[in-house]
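Notes follow the structure.
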Amino acid sequence: MTDLPWTGDACSLVDAFRAGERSPLEELDATLAAIDASDLNAFVHLDPERARRAAADADVSKPFGGVPAGIKELEPVAGWPFSEASLVFADRVATYTSHHIERLVDRGGAVPVGATAASEFGGLNVSISKMHGVTHNPWRRGRTVGGSSGGSSAAVAGGLVSLATGGDGGGSIRIPAGYTGLLGMKGTFGRIPRSPHAYTRPNTVVVGNVSRSVRDAARYFDACAGPHLFDPSTLPGAAGWEAGLGTHDLKGRKVAVVPALGGVTLEPGVEDQIRAEAKALVAASGMIEVDLRVEPPNLSAPWMMGNLATLLAALGSKWPGCARDLTEEIAIGLRLAESMYNLHTAAVAEELRITANEVMAAAFDQVDFIVAATNPGPAFAADAVMSTSTSSFVDWAKASPIAEWVFRGVMLGVRMTAAAFPKLPSALLVDAGARFPDLVNMGALTIISNIYGNPAVSIPAGTVDGLPVGMQVLGRHHDDALLFDVALAVERDRPWPMVAPVAAGTASLAGDRG
């Protein structure tokens, strides 16, 4: 009888199934018991009966045949709750399953166990919501997992499941992977279908998974990637992601090391750690480091404003009456966007996007890869809604009922004044960004690859103060397979723990990787 869930990668669990060393039903029972005993708050819904039926009929010849999987709660699964982590939709049940999850189950053979926690509508890079409370980091309880794929990362790093899905519209796969010592691959935009009902703007969201190993991520592409008629943004299929691992010669490839990409202020120790890991990668692979300045504009604020248009569409007539049910930060963001996002701010955002695209294109004309930090620092407090500990714009806006009414009054005034002075909102955003850096710092290291659409992967890069940090490697459009081999070079030269040391019962692994 299997007492504990598998702590290796998902691929090796499939190997164990095929060899008769474990069975999908035994693994599922161990998984459900571990979830029940866990205090991570990684799962927010379980479907054991459905999972047991799937495990009993599992075809272990499939890529993930019989592997218990967590499904990020922002992905619809027919018959499961589909609140998107929001009290506004607390009673909603999905009537369909996303095509991404259909592929994972039908092509891949995975066994969905339940839904993993996310931030509300995926709008914050944290692991807390009014709907489900706080999800904890398995490396250190009381620290964040990041977001929005926080529950999936906690479940995989915490030893509950070896496979869980994620989505990345501004870093939501890479950010939690970085905080939990996992591999987080954001493919080229369109690699895996987002349909049905995928919004056509702002063309930044990709779906995928968080992984314990490079081959898990590559096999995931084999199971889920490829074109779909219901998502016209999907790319032509490219079979053999896992089979192609290790086939690319990295020797002589050029790499620029820019730890604070986007002008982000890194916390003490992070830049040194990233530079040390990059140096080790260059030495192990034979790549050539190039001194190159890469300074794209920080698009965090316009990216946030543009994304909120789709949220407003989802809320429909419920807004603004539902404001009290929303996370304060989401409600404040919506009011900001309503007041400040007009044709002029949209035009400025498009100009910035063009500038960003050209900066990145010019960089990739000179180098094959750009190395940066994934997050500004290691995991911060789990119950915090912003990564900074300094006083923030959001803190001011929600400090008291009076402050909230003042904020709403100011936003109304901005909206009315903007009718006569349409350039005012853009000027205010620039000023707010200077005064309140939390508005533009959250996810600024990762958002650029969503805007530009290129692939980027967060690779475990040791620890700072005993907590994981991620080394983010950015590549050219469609060079996903090449990025897999960069990550593979790190994995072979400097392997990382597949689960958090506390979950594995091997605390000695928690030391900094020198």
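Numbers at a glance
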item: Total residues in region 296-317, condition touching a Gly at 6+ places or on another chain (Cβ under 7 Å) and modelled with pLDDT of 90 or more; result: 1
item: Top-ranked residue of region 324-345 - restricted to ones that are crowded, with 16+ Cβ neighbours inside 10 Å and free of Cβ contacts under 8 Å to residues at least 40 places away in the same chain, ranked as nearest to K254 (Cα to Cα); result: A337
item: Count of residues meeting criterion [more than 13 Å from H45 (Cα to Cα) and open to solvent by 40 Å² or more (accessible area, probe 1.4 Å)] in region 93-106; result: 5
item: Tally of residues being small (G, A, S) and open to solvent by 30 Å² or more (accessible area, probe 1.4 Å) across region 287-323; result: 6
item: V111 surrounded by fewer than 24 Cβ atoms within 10 Å (Cβ to Cβ) and β-branched (V, I, T); result: no
item: All positions within region 1-45 that are surrounded by fewer than 16 Cβ atoms within 10 Å (Cβ to Cβ) and under 20 Å from S152 (Cβ atoms); result: L4, G8, A33, D36, A37, D39
item: Pair list, Cβ under 8 Å, 6 or more apart: region 465-478 residue free of Cβ contacts under 8 Å to residues at least 24 places away in the same chain and surrounded by fewer than 24 Cβ atoms within 10 Å (Cβ to Cβ), other residue charged (D, E, K, R) and assigned to a strand (DSSP E or B); result: none
item: Residue satisfying condition, being without any contact (Cβ under 8 Å) to a residue 24 or more places away in the chain and open to solvent by 20 Å² or more (accessible area, probe 1.4 Å), within set K254, K279; result: K279
item: Search result, residues across region 456-481 that are within 22 Å of G226 (Cα to Cα) and either out of contact with any Lys or Arg (no Cβ under 8 Å at 6 or more places or on another chain) or modelled with pLDDT under 95 (or both); result: L474, G475, R476, H477, H478, D479, A481
item: Selected residue [at pLDDT 75 or above, in a helix (DSSP H, G or I) and out of contact with any His (no Cβ under 6 Å at 6 or more places or on another chain)] from G377, G413, G409, G333; result: G333
item: Members of region 28-48 found to be in a helix (DSSP H, G or I) and more than 17 Å from G108 (Cα to Cα), listed by number; result: D29, A30, T31, L32, A33, A34, I35, D36, A37, P48
item: Counted residues, region 355-365 - those being closer than 11 Å to L299 by Cα and surrounded by fewer than 18 Cβ atoms within 10 Å (Cβ to Cβ); result: 1
item: Residue within region 178-188 that is surrounded by fewer than 24 Cβ atoms within 10 Å (Cβ to Cβ) and at pLDDT 95 or above present; result: yes
item: Among the candidates A384, A362, A349, residue that is modelled with pLDDT under 95 and part of a helix (DSSP H, G or I); result: A349
item: Sole residue being over 20 Å from H197 (Cβ atoms) and within 20 Å of the chain's Cα centre (by Cα), chosen from A117, A55, A85; result: A117
item: Answer from R194, R219 - the residue that is within 20 Å of E84 (Cα to Cα) and among the basic types (K, R); result: R194
item: Residue satisfying condition, being surrounded by fewer than 22 Cβ atoms within 10 Å (Cβ to Cβ) and under 18 Å from A384 (Cα atoms), within set V134, V126; result: V134
item: Near pairs, Cβ below 6 angstrom, 6+ apart or cross-chain, from region 190-204 (under 16 Å from E350 (Cα atoms)) to any residue that is surrounded by 15 or more Cβ atoms within 10 Å (Cβ to Cβ) and of a type in the set (G, A, S); result: P202/G306; T204/G169
item: Unmet requirement for A115, which otherwise passes all of (1) in a loop (DSSP other than H, G, I, E, B); (2) in contact with a Lys or Arg (Cβ under 9 Å, 6 or more places away or on another chain); result: (1)
item: Complete set of residues in region 134-189 that are under 18 Å from N375 (Cα atoms) and among the basic types (K, R); result: R140, R143, R174, K186
item: Residue that is surrounded by the fewest Cβ atoms within 10 Å (Cβ to Cβ), among those in region 49-86 that are among the basic types (K, R) and outside any helix (DSSP H, G or I); result: K62
item: Meets criteria (modelled with pLDDT under 95 and open to solvent by 10 Å² or more (accessible area, probe 1.4 Å)) for G158; result: no
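The values are calculated or read from the model by the stated rules, or taken from the named source; none is laboratory data. Note that this is a predicted model, so its numbers are computed, not measured. Note: ideal-geometry Cβ built from the backbone for every residue, glycine included; neighbour counts use all protein chains shown. These accessible areas exclude ligands, DNA and RNA; they are computed on the full protein's heavy atoms, side chains included. Shrake-Rupley method; radii C 1.70, N 1.55, O 1.52, S 1.80 Å.
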